[in-house]
1. For region 2-163, taking Cα atoms only, what is the radius of gyration to one decimal and the Dmax to the nearest whole Å?
2. Mind listing the phi-derived Karplus ³J(HN,Hα) values for region 5-10, rounded to whole Hz, using 6.51, -1.76 and 1.60 with θ = phi - 60°, and x for any glycine or proline?
3. Need one number for region 1-60: average projected area of the convex hull over its C-alpha atoms, nm².
4. Of 147, 19, how do they rank once you tally other Cβ atoms within 10 Å and put the fewest first?
5. For the chain, modelled as a GNM with alpha-carbon contacts under 10 angstrom, which of 108, 97, 65 fluctuates the most?
6. Could you identify which residue out of 111, 41, 12 has the top mean-square fluctuation in a GNM of the chain using Cα springs shorter than 10 Å?
7. Comparing 33, 70, 49, which has the greatest mean-square fluctuation in the GNM of the chain with Cα pairs linked when under 10 Å apart?
8. Which lysines have a Cα less than 24 Å from the Cα of residue 86, not counting those fewer than 8 places away in the same chain?
Amino acid sequence: MNSIRDMKQADWPAVFQIYVEGIETGIATFEPSPPGFWEEWIKGRVSNSTLVSETNQTVTGWAALSPVTSRCVYAGVAEVSIYVAKSQRGKGVGGALMAALVARSEELGFWTLQSQIFADNQATLHLHLNHGFRQVGVRERIGKMTYGPYAGQWRDNLFLERRSESVGR
């Protein structure tokens, strides 16, 4: 049985490993590796916005919100991160995490969620579109990969956003 709960520091080893598995795909992030320490990672996340999916007491995925800027006018805008363990992909973990993260974002007062997705990451693109995100643009040659199968290549990102139907109206 899959459940969603708040992330704890004790989850960091599993979160770290799932992050590594995502990075290894070459289509999840420009980051070549996750931060080595919980304290380093958590300081870049919105308070009370980190979630894990758990099955049989094993963390199977994680989701978090990150502020897009420190400017107060954008306090209700956050960037979404969702990663699912390699062994759990295609089993609904991402959908459960996204639904819980969207609900949490509304509880926290966010009116806009945004995400940047490599165009060839079709599973993540469909996950977002199925949860009310829309593509608002393409950021061409926004970053150069430093690792993996795309090392040395400039990559485009699809820019997606989800607007709350209740917060900020």
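1. Calculated on Cα positions, Rg and Dmax stand at 15.0, 42 Å.
2. Those phi angles translate into 8, 5, 6, 10, 4, 5 Hz.
3. Working: hull surface 17.7 nm².
For region 1-60, the mean projected area of the Cα convex hull comes to 4.4 nm².
4. Working: 147 14, 19 21.
Fewest to most other Cβ atoms nearby, the residues stand as 147, 19.
5. Among 108, 97, 65, the largest GNM mean-square fluctuation belongs to 108.
6. Result: 41 has the largest fluctuation of those listed.
7. Top of the fluctuation ranking is 70.
8. Within the straight-line limit of under 24 Å, residue 86 reaches these lysines: 8.
FYI, it's all coordinate maths here, none of it is from the lab. All of these numbers come straight from a predicted model, not from anything done at the bench. Backbone-built Cβ (ideal geometry, glycine too); neighbour counts: all protein chains shown.
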